[in-house]
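Some notes on the structure that comes next.
The values are calculated or read from the model by the stated rules, or taken from the named source; none is laboratory data. Keep in mind the model is a prediction, meaning the values are calculated, not measured. As a convention, Cβ positions derive from the backbone with ideal geometry for all residues, glycine included, and neighbour counts pool all protein chains shown. We work out accessible area using only protein heavy atoms, side chains counted, and drop any ligands, DNA or RNA first. Shrake-Rupley method; radii C 1.70, N 1.55, O 1.52, S 1.80 Å.
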Amino acid sequence: MDTVTSGENLRLMAVHAHPDDESSKGAAATAKYVAEGTDVLVVTCTGGERGSVLNKALDRPEIWENIAEIRRAEMDAAREILGIRQAWLGFVDSGLPEGDPLPPLPEGCFALADMDEAVGRLVAQVRAFRPHVMTTYDENGGYPHPDHIMCHKISVAAFDAAGDPDRYPEAGEPWQPQKLYYHVGFNKERVTSLHEGMLAEGLESPYAEWLEKWEDREDRAALITTRVPCGDYFAVRDDALRAHATQVDPEGFWFRVPLSVQQKAWPTEDYQLVRSFVDPDAVEDDLFAGVRESVDA
Ligand SMILES: [Zn+2]
């Protein structure tokens, strides 16, 4: 058996709720793996039909009227920039319910989909693409959007079912991915580090207010098992995010933090390993740690 030193023959599946999530969560790590030759498939659960238009310049009736098609075109552009493959799972965006009391979820939306049906569709994608590693959101969805929570649920269920020949026999030949990870996005440690990085450069930090209001609960930084160095790909991540033009505010503070500050303060994208069929390293810097060695070159 040869050791795989490049990413060749390795496959990564990232399951996301909406078009644009792949460009904000793990996007730089994705771009790095693509550059190494890894085959990356993003599965997008919904079409993002109920997303808001966050770009003031594009908040126009003709945009809202065609939002589904526009978001598909934006996804095509982001896919090209990231160098990934992408598949739609075909569910309809649930929207982010707002108000007190919260309004009911719209009929036919992803969050209300039949679990068995939704997991079956994802199992079919897993068995067709045969990823070694899968990524998704934590049990809170990373942030509590009903589609993100549903994305979490079906990803975990599909990871557990895909290798079992008795489950979803119509969905293809069984295939068991070796590892499952949750994204660990913003946490207090990271935001503090970026905040201090801005101040050290004599720049105004956009994080001060956020940090002041940060509730003292368990910091998700403590859950990180795997830090993937990908600072060289932050620019690719931002380009991909900008391709989702209706969904990002180009004046937003995200784009005001210079890449050089980000690369110095927090040059990784971080993950929590939650399932593994290989012996995990104590501290990982690679989603394929333990897998890379076992895949034939
Ligand atoms: Zn989303």
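Values as computed for the structure displayed
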read-out	value
Solvent-accessible heavy-atom area per residue, rounded to whole Å², over segment 203-281 at 1.4 Å	55 Å²
Protein accessible area in the chain, 1.4 Å probe - carbon and sulfur %	50 percent
Segment ARG60-PHE186, extension gain: residue separation times 0.36 nm, minus the distance between their alpha carbons	42.3 nm
Gyration tensor (alpha-carbon) shape descriptor, segment 57-143, a/c threshold 1.5	oblate
When segment 142-221 is reduced to its Cα atoms, the Kirkwood hydrodynamic radius in Å	16.1 Å
Segment 51-63 - phi-based ³J(HN,Hα) in whole Hz, Karplus 6.51/-1.76/1.60, Gly and Pro as x	x, 8, 9, 8, 8, 4, 5, 10, 7, 10, x, 5, 6
Convex hull volume per residue in cubic angstrom - Cα atoms of segment 92-168	92 Å³
Calculated log₁₀ intensity ratio I(q)/I(0) where the Debye formula runs over C-alpha points of segment 1-73, q = 0.18 Å⁻¹	-0.78
Per-residue SASA entry for ARG130, accessible area with 1.4 Å probe, Å² rounded to 10	110 Å²
Kirkwood Rh in Å, taken over segment 1-159 so that all alpha-carbon pairs contribute	16.5 Å
Percentage relative contact order, the chain, counting C-alpha pairs under 8 Å, at least six apart	26 percent
Paired Rg and Dmax values of the chain, which use every Cα atom, in angstrom	19.1, 60
Segment 153-158 - phi-based ³J(HN,Hα) in whole Hz, Karplus 6.51/-1.76/1.60, Gly and Pro as x	4, 6, 5, 5, 5, 5
Unit charges on C-beta of K, R, D, E only; dipole of segment 98-152, Debye	480 debye
Hz values of 3J(HN,Hα) by residue in segment 233-240 - Karplus curve (6.51, -1.76, 1.60), Gly and Pro given as x	10, 4, 5, 5, 4, 5, 4, 5
Whole-angstrom Cα spans of segment 206-297 along principal axes, big to small	46, 36, 26
Solvent-accessible surface (1.4 angstrom probe) belonging to SER205, in square angstrom, nearest 10	20 Å²
Total formal charge among the other residues, if their Cβ is under 11 angstrom from that of HIS16, Lys/Arg +1 and Asp/Glu -1	-3
Computed accessible area, LYS213, all protein chains, 1.4 angstrom probe, square angstrom	140 Å²
